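Remarks on the structure that follows.
Each value in this text was obtained by applying a stated rule to the coordinates, not by laboratory testing. Computed from a prediction, not measured in an experiment: that's the story for all the values here. Virtual Cβ from ideal backbone geometry, glycine too; neighbours counted across all protein chains shown.
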Amino acid sequence: MTTSISTSRSTTAHSGHWMYAQCSVGQSRTWFLALTALAAMSNVIYTCTVPLVGFGAIAGATLSRRKALLVISSMWLVNQVLGFTMRQYPQTFSTFIWGIVMLLGAVLATVLAFFFTQNKAKGFLNYLSQVGLALVGGYVVYELIIWLAGFALGGVSGFTLPILWQIFVGNAVWAIGLVGIYSLLVWRVMRLTRCDRASSPTSR
């Protein structure tokens, strides 16, 4: 009985530490700026298939709604600027509209991730399940917006399972990498918090 109570208290304490650290990282300027910088840099690697959903899932799950939308909007803007300058996108009405459609899909995916993760995760596995749900749900919403726009703008023929899977994998890879970085920051805060408590006079 004593062991069971001790284990329960330990689990509750760990959950509390994780939730506190998660809020601390999410509210920090470091994580917001790092995510914004990585989102902008991803445009150097990708052109049309920039991983907006992957970043949207992480931004929505870890930041406030306003900051998450700032990350996605800046990522989209860098993509458009590079596209119409260095990559010489055709300056046509259709191309501009496709850009707006991409932004709309990315914003909806980010907002969806934000609402999926309103209740802060009580641990790492709970956090992973929330992000996974946000990623899959966000990708479905994003591609649905693109697919519907394709009927008016053309391009529905590109919706094949191999292409959709390839785009999803690209977004998932970025999301996994970002989850790793974010988790390291959360664990660092948890470690520092434990050290501070251990060294405080009241803990002795």
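Once divided by 2.2 N^0.38 Å, the Cα radius of gyration of region 22-194 becomes 1.05.
Counting neighbouring Cβ atoms within 10 Å and putting the fewest first, the residues Ile145, Ile176, Ile72 line up as Ile176, Ile145, Ile72.
On the basis of the beta-carbon distance and an R0 of 30 Å, Ala37 and Trp165 show a calculated FRET efficiency of 0.60. Each of Thr95 and Val173 was given a label point 7 Å from its Cα along the Cα-to-Cβ line. The distance between the two points is 2.7 nm. Computed over region 7-119, the P(r) curve from all C-alpha pair distances, binned at 10 Å from the origin, holds 14, 39, 26, 13, 5, 2, 0 percent per bin.
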